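Just so it is clear, none of the values below were taken in a lab; they were calculated from the coordinates. None of these values were measured; they are calculated from a predicted model. Methodologically, a virtual Cβ is constructed for each residue, glycine included, from the backbone with ideal geometry; neighbour enumeration extends over all protein chains shown.
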Amino acid sequence: MNRDAWRDFPGAPPPGTVLCPAAAIPEKGVKSLDLDGFPVLLVASAEGLRAYVNACPHQYLPLDWRSPNILSENAEILRCSNHDAGFDAATGQGIDGLGQGCALDPVPVTIRGDALVIG
């Protein structure tokens, strides 16, 4: 997995770009963001906060394009609402269906002051 692949997406913002206020980060679950056309998916679970480019590698549609209900009950699997591809929520690795053999592209995030930023 290429940890910098997110930079190759059209409109990828530079490191340091604010994604959202820290107070807007969900304690558990997913939050979809759009940064001027660059789609980001935040995934909050007991393992911590992860961020991915919100684009299923199967057809590059947002995972939540058809439904916002993309995280399994146990918060372990992200399920693409378009073609049912399954991804490990903690790693982004494809684990089921059309997700097998591919992965979501991670976006590095950190809390800086009162904001979540790329980097």
Residue tally, condition under 12 Å from V109 (Cα atoms) and not in a strand (DSSP E or B), over the stretch 14-51: 6
Matching option when the condition is acidic (D, E) and touching a helix residue (DSSP H, G or I) at 6+ places or on another chain (Cβ under 9 Å), among D36, D105: D105
Of all residues making up the stretch 71-81, the number that are touching a residue at least 24 places away in the same chain (Cβ under 8 Å) and closer than 17 Å to V40 by Cα: 3
